[in-house]
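Engineer: Below: one structure in structure tokens.
Every number in this text was worked out from the coordinates using simple rules, so none of it is lab data. The structure displayed is predicted, hence computed values, not measured ones. We place every Cβ from the backbone using ideal geometry, glycine too, and count neighbours over all the protein chains shown.
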Amino acid sequence: MLKEAIYHRPKDHFAYAYDDKTLHIRLRTKKDDMQSVFLLYGDPYVWEDGKWQFAKKEMMKSGSDSLFDYWFIAITPPYRRLRYGFELCSGEEKLIYTEKGFFNIPPSDDIAYYFCFPFLNKIDVFQAPEWVKDTVWYQIFPERFANGNESLNPPGTLPWGSADPTPTSFFGGDFEGIIHRLDYLVELGINGIYFTPIFKAPSNHKYDTIDYFEIDPQFGDKQTFKRLVDLCHQKGIRVMLDAVFNHSGYYFAPFQHVLKHGEKSKYKDWFHIREFPLQTEPLPNYDTFAFVPTMPKLNTENREVKQYLLDVATYWIREFDIDGWRLDVANEVDHQFWREFRQAVKTVKPDVYILGEIWHDSMPWLRGDQFDAVMNYPFTNGVLRYFAKNEITASEFAHTITNVLHSYPNNVNEAAFNLLGSHDTPRILTECGENREKVKLMFTFQLSFTGTPCIYYGDEIGLTGGQDPLCRKCMVWEEEKQDRDLFTHVQKLISLRKAYQSFTRGELRFIETNDETNHLVYTKTYENETIVFIINNSEREIDVALPFSLKGKKLTNLWTNEQFAAEADQLKATLPPYGFLILKIEE
Ligand code: ARE
């Protein structure tokens, strides 16, 4: 037994309240080291004859990555308190693992040996809004989606789609254009829109805010925005806006005041200024986003700044009934600010969604007191490396995804924001070397994955483009120039996702990963429903035999709606290059 690899802490993704009754406990051990693991557990106050009374229950292996196995159990402690340890079985060896280390027999005269989950307090349970789990997001970069009112075009606006975007070009996308195209989104089947910033700002991306209480005039006015939100709601679409609270823009009035009045400015503490007078060259002498002088970092510890930003956050919910905030550069803003942010927005609208933009491991923001989700870029990277770039094999991909799922509690995974690309990454079709079949497989995986998927505008019709600004081309509206086949593929996956809860809520299991053929088999199971996905990520036709018996079960090919009973013990299927099969299994 490799003791050094055994890990547990009674918090975060290793021990958490899944809901107001259930605790989830996880343990990590060296891969293939243990045959079985049991949880020894009980209420800390239940004793008999000087001995603590504990029960024993087997844990199940919930997945493996390249180095470790992960064990899982759900427990419903009657008094919402738990003390626990683990019994580990590796070959002939058996050991008890507790907070105080390893023992041959379970210590039963002192509770202090055991791990402690003191009390399941309901208010501390991580809880994302329920509606999010059934949402398919669509990300719109408003400058590039549709131009519906040319009279709003900023000076120098180029004809729609006439050139590749540059960091400074404008094409005149606006709210009226989005309103005209809402039916296209309904046809696709999405039910949430995430808008990158819409507030007054000079750039085409609007991450350099001038006024957080004003809509940028190139997009329209508040009335048009209200009409857009209301129309979305009528069509069952939620609306999420981008909150750029880490920094303001250069032309934000308080920053201009500091530039003008220097140390005497009443706003001097609104920013992080290292010395006066302010300078922007060669490097700014105030904190900024990256080293961008036009994005001065806001001092969110300052009481006035905090109040101002919280007023912004609640204003757009109260007046326009928006349903979510995506928080830009969320990990560079202090945690205390986000705790107060959560309180403020949830007070106005309890089921508002809070999505942080964090590209890395984000456990500290997902403990229930700050965000409901983060943009799941570790998922994105795994998908890109396996499907688009062929950098990892099928088994390495399964390890990556298992690792992502085991980095967070299950209730966090259920609301995770799973994206294939965004306005900050190259287009997926470009990443796939323009291989449309690979893009289809990426969508198949994304839309069958737990959490909430987000489609970056135009990916569904095959837009191309490299890194920002090229990934921000104008949406193509001429049907003959759209990849309608890809559109239908995405549309169909979304409709399956709505029809079968296993897609959204099901637990994912990798059943087979074959590094020679590069194919994958995984299942999603929810209650009595199991769906098997077979994915051939290779340019060759392959024959796959399912590694479990389906004899006597009723199967439905969800893509063709064909139903058949499995007669042979082993189901065999031939998959064309980049082919896939989605089978629903019923008893
Ligand atoms: C411009 C240029 C870029 C250049 C950048 C920095 O176009 O080529 O790299 O300046 O000098 C907005 C605009 C961008 C603009 C930027 C600055 O949309 O076009 O870029 O402003 O003017 C990190 C941050 C993450 C951030 C990304 C971009 O952690 O928060 O970088 N994303 C948000 C938005 C952006 C937005 C801003 C922040 C600023 O989504 O659109 O940019 O408001 C790794 C790291 C991540 C890193 C990621 C991407 O994986 O781990 O931390 O994200 O790569 O670089």
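Engineer: Run down the lysines and flag those whose C-alpha is under 19 Å from the C-alpha of Lys30, throwing out any fewer than 8 positions away in its chain.
Structural biologist: Counting by Cα, and skipping residues close in sequence, Lys30 has these lysines nearby: Lys3, Lys61, Lys94.
Engineer: Would you mind checking the pairs Lys524/Lys551; Lys206/Lys226; Lys222/Lys440; Lys235/Lys553 and listing those with alpha carbons more than 29 angstrom apart?
Structural biologist: Lys222/Lys440; Lys235/Lys553
Engineer: Calculate, for Ala499 and Leu259, the FRET efficiency according to 1/(1 + (r/R0)^6) with r their C-beta to C-beta distance and R0 56 Å; round to the nearest 0.05.
Structural biologist: 0.50
Engineer: Further question: With unit charges on the beta carbons (Lys and Arg positive, Asp and Glu negative) and the dipole taken about the Cα centre of region 433-587, which residue among Asn536, Thr450, Ala573 sits farthest to the positive side?
Structural biologist: Towards the positive end, the residue furthest out is Thr450.
Engineer: Taking 0.36 nm per residue of sequence separation and subtracting the Cα-Cα distance, how much length would be gained by fully extending the chain between Ala290 and Asp12, in nm to one decimal?
Structural biologist: 97.1 nm
Engineer: May I ask you to work out the translational diffusion coefficient for region 161-278 at 37 °C, viscosity 0.692 mPa s, via Stokes-Einstein with Rh from the Kirkwood sum over Cα pairs, reported in whole µm²/s?
Structural biologist: D, rounded to a whole number, is 200 µm²/s.
Engineer: Considering amide H positions built from the backbone, and no H for Pro or chain starts, which residues 5 or more places from Ile511, or on another chain, come under 5 Å of its amide H?
Structural biologist: Result for Ile511 returns Val521, Tyr522, Thr523.
Engineer: For Gln223 paired with Phe102, estimate the spin-label separation in nm (one decimal), with each label point 7 Å from Cα along the Cα-to-Cβ line.
Structural biologist: 7.4
Engineer: Going toward the positive end of the dipole of the chain, with +1 on Lys and Arg Cβ and -1 on Asp and Glu Cβ, which of Asn561, Leu152, Leu327 do you reach last?
Structural biologist: With unit charges placed on the Cβ atoms, the residue in question is Leu327.
Engineer: Roughly what % of Cα-Cα distances in the chain sit above 40 Å, to the whole percent?
Structural biologist: 34
Engineer: Please give, to one decimal in nm, the separation of the simple spin-label points placed at Leu182 and Gln279, each 7 Å out from Cα toward the Cβ.
Structural biologist: Between Leu182 and Gln279, the simple spin-label model gives 5.2 nm.
Engineer: Which whole-Hz ³J(HN,Hα) couplings does region 200-208 yield from phi under the Karplus relation 6.51 cos²θ - 1.76 cosθ + 1.60, θ = phi - 60°, glycine and proline marked x?
Structural biologist: 4, 6, x, 7, 6, 8, 6, 7, 10
Engineer: Can you list the residues, at least 5 places off or on another chain, whose amide H is less than 5 Å from the amide H of Ser62, using H built in the peptide plane?
Structural biologist: It is Tyr70, Trp71, Phe72, by chain and number.
Engineer: Where does the chain land at 222 nm, in deg cm²/dmol rounded to the nearest 500, when only DSSP H runs of n ≥ 4 count, each adding -39500 (n - 2.57), divided by all residues?
Structural biologist: -6500 deg cm²/dmol
Engineer: Next question. Per residue of region 279-288, in order, report the coupling 6.51 cos²θ - 1.76 cosθ + 1.60 (Karplus, θ = phi - 60°) as ³J(HN,Hα) in whole Hz, putting x for Gly and Pro.
Structural biologist: Working through the residues one at a time gives 10, 10, 10, x, 10, x, 9, 9, 5, 9 Hz.
Engineer: To check my understanding: the extent here is largest minus smallest coordinate of the Cα atoms along each principal axis. What are those three numbers for region 128-205, in Å, largest first?
Structural biologist: Answer, in whole Å and largest first: 44, 24, 22 Å.
Engineer: Would you calculate the separation in nanometres between label points at Ile123 and Glu301, each defined as 7 Å from the Cα along the Cα-to-beta-carbon direction?
Structural biologist: If labels sit at Ile123 and Glu301, their model points lie 2.7 nm apart.
Engineer: Let's see if you can work this out: charge +1 on each Lys and Arg Cβ, -1 on each Asp and Glu Cβ, no other charges. What is the dipole magnitude of the chain about its Cα centre, in debye to the nearest 20?
Structural biologist: Computed charge dipole of the chain: roughly 880 debye.
Engineer: Follow-up. From the phi angles alone, apply the Karplus equation (6.51, -1.76, 1.60; θ = phi - 60°) to region 533-543 and give each ³J(HN,Hα) in whole Hz, x where the residue is Gly or Pro.
Structural biologist: Karplus-based 3J(HN,Hα) across region 533-543 equals 10, 10, 10, 9, 8, 8, 8, 10, 6, 9, 9 Hz.
Engineer: Could I ask something else about it? What is the angle, in °, between the Cα long axis of helix 436-447 and the longest principal axis of the Cα atoms in the chain? Nearest 10 is fine, range 0 to 90.
Structural biologist: 70
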